[in-house]
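Chemist: Have a look at this one.
The values are calculated or read from the model by the stated rules, or taken from the named source; none is laboratory data. Computed from a predicted model, the values in this text were never measured in an experiment. Positions of Cβ are backbone-derived with ideal geometry, glycine not excepted, and every protein chain shown enters the neighbour counts.
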Amino acid sequence: MPHEANPVSALAVFDLDGTITRHDTLLPFLWACLWRRPWRLPLLAWLLPLGLLYLLRQDRGRFKGSLIHCTLGGLPRPYLEHCATQFVTRLLQRGVFAEALTAIETHRQQGDTLLLMSASTDLYVPLIGRALRFSQTICTQVRWRADGRLDGRLASANCHGEEKRRCLQALLARQRPPRVYAYGNSRDDLPHMRLASQGYFINGPALLQSSPGIEALHWSRRSGT
């Protein structure tokens, strides 16, 4: 993980899926890895039983880890790193909001520290962070086997909702930035966004757009256009 940044700078925290990117990233990443291994495509059938299990247990982390384990488990690290590089390149070309890139660049020019914080996994999120020149990245981590192949189940808590708030709270206690900006797009982002001096709610439900200290923003332009 990158070294901790200058504690006197303001902090700008960006969620990934639906905030920077125009859509969820996990299923497209799974597809990007599986289509080159077509004999593995039937493993996507696990979506249905795992989805039903999630509805019963309401455990997003277990669902995510089980899905990755069932579909990508056993694949070698070099192959997955190659898939991730190609996936991130395509994603950043056409799959992100132009307004998000503008906001990121504005904070960078102001000298703010940039933090990418996502429930998506370290199979590809750190690559996105480096490509967009974030100072720090916090995301969900996955397990690897001793032989260098992917296990896929989670090696950390799922960085979502209250866990994301806990991670940000711990970082704020260490760095003590004078001002915090937070960008998110869902109800589950509100716990950590409420720690910020100013929150920006991207394309979210109208019911949530009036939360104190949080401004509603509408982003629609596709990057590369």
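Chemist: (1) of a type outside the set (A, V, I, L, M); (2) more than 16 Å from L116 (Cβ to Cβ); (3) outside any strand (DSSP E or B): which one isn't true of G152, the others all being true?
Modeler: Failing condition for G152: (3).
Chemist: Next question. Does P178 count as modelled with pLDDT under 95 and exposed (fewer than 14 other Cβ atoms within 10 Å of the Cβ)?
Modeler: no
Chemist: For the stretch 159-166, state whether one or more residues are under 19 Å from the mean Cα position of the chain (by Cα), surrounded by 17 or more Cβ atoms within 10 Å (Cβ to Cβ) and among the acidic types (D, E).
Modeler: yes
Chemist: Report those helices (runs of 4 or more DSSP H) wholly inside the stretch 34-146 carrying at least 2 residues which are at pLDDT below 90.
Modeler: 47-57, 60-72
Chemist: Only residues in the stretch 129-158 that are more than 23 Å from G61 (Cβ to Cβ) count as the first member; pair them with residues that are among the polar types (S, T, N, Q) and crowded, with 16+ Cβ neighbours inside 10 Å, Cβ under 6 angstrom, at least 6 apart or cross-chain, and list the lot.
Modeler: These pairs meet every condition: S135/T113.
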